[in-house]
Each structure stands twice: as structure tokens, then as C-alpha cells.
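Single-structure report; data block below.
The values are calculated or read from the model by the stated rules, or taken from the named source; none is laboratory data. All of these numbers come straight from a predicted model, not from anything done at the bench. As a convention, Cβ positions derive from the backbone with ideal geometry for all residues, glycine included, and neighbour counts pool all protein chains shown.
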């Protein structure tokens, strides 16, 4: 039985939004300045921002003591597509299946919201486990769908899509 639980974060749940902010900041620090930009700082400050209902969702995984150990978000992209973003699992909760459970919750929410496809971006050199997980789940390579020109050109990015 997992040592964590995953819940959708309500748009007005200040305490849980603060936990997600903390996880997003850790994610930002982990990725570093070569990838992250002012856009992520603005996104963190504006939460739930693009992940707000009715078109988006935020999920928070908490340990038995209520402390956040992982998160993920779903936000509209264009037309019938959504983007699944900010999958992050704290080191102490890695290798427990939490990453797969979070992406599963995001995929299910994407379907419930009526999206026809889910898009993700990953860094195969930095996030090989996530890249392999997306492949196992049926995500396929696609053309770039977002302007990442702010990212250091030496950073390899992979764009993936999943038909829902």
C-alpha cells in the first residue's frame, strides 16, 4: 500500500496551493536556470493560474503526515489539446510508483475534461526515468509545440503527445 495519497487541489485551497508552490520551486531549483525562466516564477506566483478549473487541474501527493511529496498539473494548450506539466516527486518518494500514479491522475483528468490529446515536454538527458515512463504509457514523439527558445541550446528537449 502506498505511503502517499493524491488529491486534486481546489482552486481556493490556499494551504494546498502553498504546498504545490513549494514543490514547483524545488522543481525549478532542480532544473536550474538553463531551463527555467521568468515564466515559471510567474506561474508559481499565480497558482492555480493556468491549472485552474474548469479547464485545468492541479494534483498534490502527500505523505501520511500531510507533507507534500509530489505534484503535477494539467492546463489547456490549444483546441482539443492539453499540456501535462510540472511532474515532480521529492527524492524521498522516488522509486515508489508515485510518478506513474501522478501521470495517471493527470491523464485521467485530461480525459474527464474532454481533451483529445495530452502534450508533454521532457529532458531525456536530465529526466531519463520520466522519459521512459512516458514511452511506456504510449506517448509518441511530436513536433515542438511550445517556444522554448529561452532554454540553453545545449539542452536536449523531447516533445511528446498521447491521444486520449
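Flag: residue 143 does not match the condition of being under 23 Å from residue 14 (Cα atoms), part of a loop (DSSP other than H, G, I, E, B) and either at pLDDT below 95 or touching a strand residue (DSSP E or B) at 6+ places or on another chain (Cβ under 6 Å) (or both).
Only one of 16, 21 is out of contact with any helix residue (DSSP H, G or I) (no Cβ under 9 Å at 6 or more places or on another chain), over 26 Å from residue 161 (Cβ atoms) and in contact (Cβ under 8 Å) with a residue 24 or more places away in the chain; which?
On the way: 21 fails: out of contact with any helix residue (DSSP H, G or I) (no Cβ under 9 Å at 6 or more places or on another chain).
Testing whether each residue is out of contact with any helix residue (DSSP H, G or I) (no Cβ under 9 Å at 6 or more places or on another chain), over 26 Å from residue 161 (Cβ atoms) and in contact (Cβ under 8 Å) with a residue 24 or more places away in the chain leaves just 16.
The set of residues in region 96-114 being closer than 15 Å to residue 163 by Cα and in contact with a helix residue (DSSP H, G or I) (Cβ under 9 Å, 6 or more places away or on another chain) consists of 103 alone. Given the condition more than 14 Å from the chain's Cα centre (by Cα), closer than 21 Å to residue 122 by Cβ and in a loop (DSSP other than H, G, I, E, B), answer yes or no: does some residue in region 37-57 qualify? The answer is yes; a qualifying residue exists. Out of the residues in region 1-34 that are at pLDDT 90 or above and part of a loop (DSSP other than H, G, I, E, B), which is farthest from residue 101 (Cα to Cα)? Among residues in region 1-34 that are at pLDDT 90 or above and part of a loop (DSSP other than H, G, I, E, B), the one farthest from residue 101 (Cα to Cα) is 12.
Flag: residue 75 matches the condition of being under 28 Å from residue 156 (Cβ atoms) and in a strand (DSSP E or B).
Restrict the check to region 49-65 and report whether at least one residue is surrounded by fewer than 18 Cβ atoms within 10 Å (Cβ to Cβ) and either in contact with a helix residue (DSSP H, G or I) (Cβ under 6 Å, 6 or more places away or on another chain) or within 28 Å of residue 155 (Cβ to Cβ) (or both). Yes - at least one qualifying residue is present in region 49-65.
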